[in-house]
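First comes the structure, then the notes that go with it.
The values are calculated or read from the model by the stated rules, or taken from the named source; none is laboratory data. Note that the coordinates shown come from a computational prediction; the quantities given were computed from them, not determined experimentally. With ideal geometry, Cβ positions are generated from the backbone for all residues, glycine too; neighbour counts draw on all protein chains shown. All accessible areas refer to the heavy atoms of the entire protein, side chains included, with ligands and DNA or RNA removed. Shrake-Rupley method; radii C 1.70, N 1.55, O 1.52, S 1.80 Å.
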Amino acid sequence: MLAALATGTMLLGACSGLYVSPLAPPPYHADVAARYESTWTALVRALAKENVPLRAIARDSGVIASDDFIAPIGVYADCGRVGDDRVEGEALVAFTLFVEPNGTWTRVLVNSKMRTHMQRKGSSGKLQPTPVYQCASTGRFEANLFDAVRELAKE
C-alpha cells in the first residue's frame, strides 16, 4: 500500500514539470547627476506619476519603500518557467530605494521583491493563486524610473 502511494506521488510529481526560477539580478544602482534634494524630489514625482503606492518615505535616511502592487508578468517581473512553458499572469512587486548624496551627484540603489499573484503555465488555462513562485526583476521599472528622474532633476 505504501509503495503504491509513493509510486503514485512520484508519477504525479514527474508530470507537473520542473520549475526553473529566473536568475536574480544584483540590486540596480545608478548615479544621478544632480544634488540630493533635486534627485529626491524627482524620485518622489516620478513614483507619483507611475502611481506607485508608497509604504514608507524617509527623506532624512534616504529610504523610499513601495507597497506591493500588481504588474503583468513579463513587464517588471520574470517568474521563470515550468517545464517548457513560461509562467504568465500577474505578479506582486515591491521596490525599496536607498538614496545617498555623493558630492554633486546622488547614488540610488533599488532592491526589488517579486512573487506571483495569479499565474498559469503558458498561455492556456485559468489564472491560479497557487503555487506561488518567486520572480526576478526584468530591470524595466528601474530603467524607466531613472530616465524619468534624470529628466525631472534637470528642471
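Details
- The convex hull drawn around the Cα atoms of the chain, when projected onto a plane and averaged over every direction, covers 11.4 nm².
- Once the Cβ-Cβ distance of Val20 and Ala48 is raised to the sixth power relative to R0 = 25 Å, the FRET efficiency obtained is 0.10.
- Calculated [θ] (222 nm, deg cm²/dmol) that DSSP helices of n ≥ 4 give over the chain, each run adding -39,500 (n - 2.57): -9000 deg cm²/dmol
- Shown for the chain: the carbon plus sulfur share of the solvent-accessible area, taken with all protein chains present and a 1.4 angstrom probe, equals 57%.
- Helical segments meeting 15 Å axial Cα length and Kyte-Doolittle 0.0 threshold in the chain (DSSP H): 2-15, 36-49
- Accessible area expressed per residue, the chain, with surrounding protein chains retained (probe 1.4 Å, Å²): 60 Å²
- The simple spin-label model puts a point 7 Å past each Cα toward its Cβ; for Arg115 and Arg55 those points are separated by 1.1 nm.
- Over the stretch 64-155, equivalent-ellipsoid semi-axes from the Cα gyration tensor in Å: 32, 12, 10
- Cα-based Lys proximity count in the chain, under 27 Å, for pairs eight or more positions apart or on separate chains: 4
- Placing pseudo-labels 7 Å out from each Cα toward the beta carbon at Asn102 and Lys154 gives an inter-label distance of 2.1 nm.
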